[in-house]
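The values are calculated or read from the model by the stated rules, or taken from the named source; none is laboratory data. What you see is a predicted model; the values in this text were computed from it and never measured. Positions of Cβ are backbone-derived with ideal geometry, glycine not excepted, and every protein chain shown enters the neighbour counts. Side chains are part of the model used for accessible areas, which takes the heavy atoms of the whole protein and leaves out ligands, DNA and RNA. Shrake-Rupley method; radii C 1.70, N 1.55, O 1.52, S 1.80 Å.
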Number of protein chains: 2
Amino acid sequence: MAPNPDWVKALKPSGPQGSELLQAERAKSNVAVEKLTELLFTREIIERKHRILEILKNEKVFDKSQNYFAGRIDRFETALARAKTLANIKAKHNWTLEDYRTASELISEPGPYGLHDSMFLITLREQGTPEQHELYLKKAEKYEIIGCYAQTELGHGSNVRGLETTATWNSADKTFTIHSPYLTASKWWIGSLGRTANHAVVMAQLVIDGKSYGPHPFVVQIRDLKTHKPLENVHVGDIGPKFGYNTMDNGFLLFNKVKVPHNSMLARFSRVDPQTGKYVRQGSPSLIYGTLTWVRSTIVMQAGGVLARGVTIATRYSAIRRQFQDRDAPETETTENPVLNYTMVQVRLLPLLAATFALHFTGKAMMNLYAENQKIMSQSAADSSQRGTGPEETRSGSDLLADLHATSCGLKALASTTAAEGLEVCRRACGGHGYSSFSGIGTWYADYLPTTTWEGDNYMLTQQVARYLLKSARHVLSGKPPNNNTTTILSTFLSRSDMGAAFDVLGSDSDLVSAFAWRTAFLTFEAAKHRDEQKKPWNDLLVDFYRLSKAHSQYLVVKSFYEALESDETKTKVDEPTLKLLKKLFRLYAMHTLEQEGSEFFASGAVTVRQITLARTVAVMKLLKEIRPHAVRLVDAWDFDDWLLDSSLGRSDGKVYEDMFYRASELNPLNEVVVDPYPGSKVLFKEDPRRSKL
Amino acid sequence: MAPNPDWVKALKPSGPQGSELLQAERAKSNVAVEKLTELLFTREIIERKHRILEILKNEKVFDKSQNYFAGRIDRFETALARAKTLANIKAKHNWTLEDYRTASELISEPGPYGLHDSMFLITLREQGTPEQHELYLKKAEKYEIIGCYAQTELGHGSNVRGLETTATWNSADKTFTIHSPYLTASKWWIGSLGRTANHAVVMAQLVIDGKSYGPHPFVVQIRDLKTHKPLENVHVGDIGPKFGYNTMDNGFLLFNKVKVPHNSMLARFSRVDPQTGKYVRQGSPSLIYGTLTWVRSTIVMQAGGVLARGVTIATRYSAIRRQFQDRDAPETETTENPVLNYTMVQVRLLPLLAATFALHFTGKAMMNLYAENQKIMSQSAADSSQRGTGPEETRSGSDLLADLHATSCGLKALASTTAAEGLEVCRRACGGHGYSSFSGIGTWYADYLPTTTWEGDNYMLTQQVARYLLKSARHVLSGKPPNNNTTTILSTFLSRSDMGAAFDVLGSDSDLVSAFAWRTAFLTFEAAKHRDEQKKPWNDLLVDFYRLSKAHSQYLVVKSFYEALESDETKTKVDEPTLKLLKKLFRLYAMHTLEQEGSEFFASGAVTVRQITLARTVAVMKLLKEIRPHAVRLVDAWDFDDWLLDSSLGRSDGKVYEDMFYRASELNPLNEVVVDPYPGSKVLFKEDPRRSKL
């Protein structure tokens, strides 16, 4: 559209400017922003980010200014162009995997190479033999073949054992026949498959002599390497638009008895002996079990940052957006109040601000624990192989792994739900403008939502946590529990069963943590009673299990946050006032959660009704007031570049209204369309051959 | 893309077909679907809907099959074409306003005539003089001019008094100068303004002789009637993409000292005397106050239907989608369980199913109350004018109106929040496929979200409810309360202050209602104590007020639902078993709410902790089990046509997977794009002049 006329260009927002308001916010707080940033990320990671950001900003293809306007096809094509450019830059600058991941985070949109770069390469690497690495992995690493990971089907997601695609062994010519016997066998939701990939790791039921051996991975070529057309008897395409994630070509895939050679089956852990046609299992895929735990741990840590983007945007904008005078102010008062001064806004945003730190430190703790466990396991594996002893020696490692596995399930569910739902709270806290794409929250939220479903559906996962806690309870009741944190809190609860609890939740931080542990233990033994004594059906207990998993995970977050702030590392890295403020955030997170889940805490006997009432009406309100002046500096510590946020409302310089107006009036392609507005005129509707017949 | 090959066409979903599963669901329930539908809507409304549906289905422009694929510009152009066609059909078939609204509901997308048809016409009609009706309204009704309602600004939403656009009276030439002194004065979010309207009702601060008289409505032409280009010194355009609502051209609008004639100011209630330049107020705009109440009441009633679409889709799909065997089933069991059998799915969906009916009956009751009040008011107005007495005579009408006003604020907030958040719960209950646009929930949810902000922001509104309840409490404490339901429940509470409560919430439905009333009264007097005795700042009480408003509104919903089921109308319209089932839905809604808000109920002394525990672990679980077999028939009673739902997952014939596959493989334009997948190839990125300079 035509550029804005001069009289428009001359206009400014009324009243104090956004930049002045943010400046004032920053001036009234003494939070050591840079130190806090370093505590969160380390200096190395921060420097890497800034280095890579400069490279990306200088490539036109990464310019984000049309992202919010473009339609699906445009967005996908641009995303593919970006993926290619990134692959080239990676090669040119000799980037590490960490560099590459950092770049993807800064670009902040799912890309068509996404599943090639992750699950395709990982699966080839972890489940392929050296021969298969030569055959597939090397080419994949050089992008000579582009792949994806085809597991989920139209009719089957979480229940992997129910997959319908078959891979039938043909002993005559030593091949497998990949086949989709039903429509529901169609692979579905497969990232990078729709338009991009020419290979797929296909999970299919292995069938030998009419007997099924469960799902196994097969590398299958699906498109021609030159024409990119689907191969014969392969039906493949994009599954259509989604609530978000539209830069990704999630695809469908059907096979009509397609033959693939013997080496298609990834054979590190199991294979079909080509001579005898016998199924052979070799080695243990427990490493993969570990990988899943690692992936979930990263989701927990990322959840803090994911949510922090929304909190940053909403907090900055709430410091600039003014609405109404304070009701108790004198009538002469005409200046409107920044909405961040209203307790109704604070109570929505500040507990989420606290949650960003809580989740970050929790994820970090889990990843440390995971690394520690890997060390123990490889150490004891080495020891036992030296001494020639069996696998029992690795017990302490696998005990820890079982605990870590359950922990990662529950925390993944809690963290991703907190982040997803928290982002929507942030969007609404921005009032009407939160609904504009330029808020930068909507797209981010919509793209993040699948995280609540993948790597284990958040509702399904809670059953695994409950199962583990039930098992731990039985161990404790039997008197011979393994030694870990879970059994410790259960034992403590039991040992005090004839004394009850007396936690000073309002006066002592460690008592606050203990109250959360108490509630977990109480709910665990309740669940054990229902299941083991009263023999209630599993299905009737799912809601209880869900609550139990949530309670346990909240305990773990509170505990991790507490321990992170008590650690020497933290104490040396940030100054005293900042540490004190972080402790207030800890208390806000814990107290707000306690108050929200008041019934459970009360029922467990961990606290009195009076304590819950005080938590809500006194403690939380007081913390909100104390944290409020530091809100802008606290979100600054997350160190999001404006280029990454791509948000009018969240601009670090406070030029909210200027940016909204610029995008609407100068970047918006709809404003090039001139319509005839009258119903009497020829209707503008264009015939479209894609429309279905009526 | 190429049609599906024959081998694909031959494929069917595995196992029992969706159509068989839904048939079985319907066979095992005896709910009188048609009677229930009639109870909800009346036969007349149902017949109207089906009549209009037939007309729409036969017009190609209304075909929905590309809706989920089209980009913003396409979607807007199609929506305008639809709006025009609808205007022509309306004229041709001589449709009533009700017919027209029904058609819009069936089309289910915001259209570019939306604000012309509603606020533009209503404002002209209600606030214009007969002369102005002649000048503007008649043309607008014939679509000779197309208008919008320009109130909200870039910097001001809820606080209408803070608007910055000015209309300055020029006594010399008897004109007004409309001006935007700041960038934040730009009108923003104005529906139908971006590309469509050539006129706007502009709310501007009336200034006479340097004195401001507050916001007033002015009719201003903004675009040329022939070329559709903006007039001189008018800057207007579309504000860009949003989280939803993208078929609507929400616009911005700036004026650079634009002169408009004296008759531009809508002058029914106030005007500038052109001779003296004096401001004259005439008549009372209380009618408009009433209109807002009416609009909010319709939002409450519609919220039931809005939510019911999501519940219908999720319930039907959950009866078809099967996942895992029951954990307690024998190992030989291979058939997977429909997910609707899992209590974790039931506890998410069935309380929402109950809420659809609860909100519907509540809205209906409010609209009846509103009509009754209008009758009283016009009757007593007529009486008093006959007798020549003053306006005090209409007291009983205005008392009722004040009660109704507060009620409508609280219920609007509760109902629209319940519907919006409930839809997202439904979407997630559909698992992975809920994320596909073809689920039909995502777009519907995204388009509905602004309802939580407009006609009063849901958080702001709760202050009005609290203010009214505080006033009522003071009346009651003073001993001279007006006689209405609010003062009755407050008085009852006070009268039992030395006896406490003993509500048999698990055994008696009317006691259940009373427990909700008790909680409202308790929270009201607590708030009064904080504000009036302890003199707490208003700002410190906002969170309490929010809870109070929610509690009161939940009470009103529970009460309305209860009364609707006790009414003679209901008893004569549905048979005994259906009525019994509706009462179970009432109990599920009430009991589930009570359990969710357990702390408050307990703190108020309305119930014991034991009762809350029993509500959760026994009563709710039992109700889920009893309602489960009837779920599909209950959603059938909402009578949504498949054309309206536009959902693969919610199809009434159960052909879920066939429809998903059809849309993905045959309607999806992205599948026409063939890419070069290798990073070494020429990057596909197209230069775009709209991209901002780097």
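Antiparallel DSSP bridges in chain A: what percent, to the nearest 5?
If I count the DSSP bridges inside chain A, around 85 percent turn out antiparallel.
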Per-residue mean of C-beta atoms belonging to partner chains within 10 Å, peptide B:158-165: 3
Position B:Asp642, label points 7 Å along Cα→Cβ, spacing to each other copy in nm (shortest first, one decimal): 5.2
Other protein chain Cβ atoms within 10 Å, averaged over every residue that makes up B:631-641: 0
Packing-based ranking, highest mean first, of B:488-495, B:598-605 given that Cβ atoms within 10 Å are counted: B:598-605, B:488-495
Separation of alpha-carbon centers, the range A:256-276 and the range B:139-180, rounded to whole Å: 74
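Do you know the relative contact order of chain A, to the nearest whole percent, from alpha carbon pairs under 8 angstrom that are 6+ apart?
Once divided by the residue count of chain A, the mean separation gives 17 percent.
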Ranked packing of B:400-408, B:309-317, most packed first, by mean Cβ within 10 Å: B:309-317, B:400-408
Residue closest to axis [chain A; rotation mapping onto B; Cβ; Å]: A:Gly71, 1
Residues of type aspartates and glutamates that B:Lys375 reaches as a straight line, Cα spacing below 17 Å, ignoring anything fewer than 8 places off in the same chain: B:Asp383, B:Glu392, B:Glu393, B:Asp399, B:Asp403
Other-copy label distances relative to A:Lys174, 7 angstrom Cα-Cβ extension, nm: 10.3
Highest-first arrangement of A:127-136, B:529-538, B:430-439, where packing means the average Cβ count within 10 Å: B:430-439, A:127-136, B:529-538
Extension gain, A:Lys211 back to A:Glu34 (0.36 nm per residue minus Cα-Cα distance, nm): 57.6 nm
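Tell me the mean residue ellipticity at 222 nm calculated for the protein assembly as shown from its helices only (DSSP H runs of n ≥ 4, each -39500 (n - 2.57), averaged over every residue, nearest 500).
Only helices count here, giving -16000 deg cm²/dmol.
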Of all DSSP beta bridges in the protein assembly as shown, antiparallel share, percent nearest 5: 85
Area accessible to solvent at B:Val656, 1.4 Å probe radius, in Å²: 0
Heavy-atom accessible area order for B:Ser158, B:Ser108, largest first, 1.4 Å probe: B:Ser158, B:Ser108
Heavy-atom accessible area ranking, 1.4 Å probe, most first, across A:Leu649, B:Leu121: B:Leu121, A:Leu649
Solvent-accessible surface (1.4 angstrom probe) belonging to B:Glu144, in square angstrom, nearest 10: 90
Reach of A:Lys278 by Cα under 16 Å, taken over lysines that are not fewer than 8 positions away in the same chain: A:Lys174, A:Lys211
Cβ-vector label at 7 Å, B:Lys536, separations to other copies in nm: 3.6
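Across peptide B:434-445, how many C-beta atoms of other chains are within 10 Å of each residue C-beta, on average? Let's see the in-between values first.
Values: counts 4, 11, 8, 7, 4, 2, 0, 1, 6, 2, 0, 1.
Mean shielding by partner chains, rounded to a whole number: 4.
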Shape category assigned to the range B:274-379 from the gyration tensor of Cα positions, a/c cut at 1.5: prolate
For the range A:15-119: rounded, prolate or oblate by the Cα gyration tensor [a/c cutoff 1.5]: oblate
Cα centroid separation, the range A:485-549 to the range B:493-536 (Å): 32
Which of B:Arg75, A:Arg327, B:Arg223 is most accessible, then next, and so on - probe 1.4 Å: A:Arg327, B:Arg75, B:Arg223
Eligible lysines near B:Lys536 by straight Cα distance, threshold 17 Å, same-chain separation 8 or greater: A:Lys622, A:Lys625, B:Lys471
Overall form of the range A:144-283 per C-alpha gyration tensor (a/c, 1.5; a/b vs b/c): prolate
For the protein assembly as shown, average projected area of the Cα convex hull in nm²: 53.4
Flagged links, alpha-carbon separation over 32 Å, of A:Lys28/A:Lys242; A:Lys242/B:Lys139; B:Lys187/B:Lys226; B:Lys28/B:Lys571: A:Lys28/A:Lys242; A:Lys242/B:Lys139
For A:Glu153, distant residues with modelled amide H under 5 Å away: A:Trp188
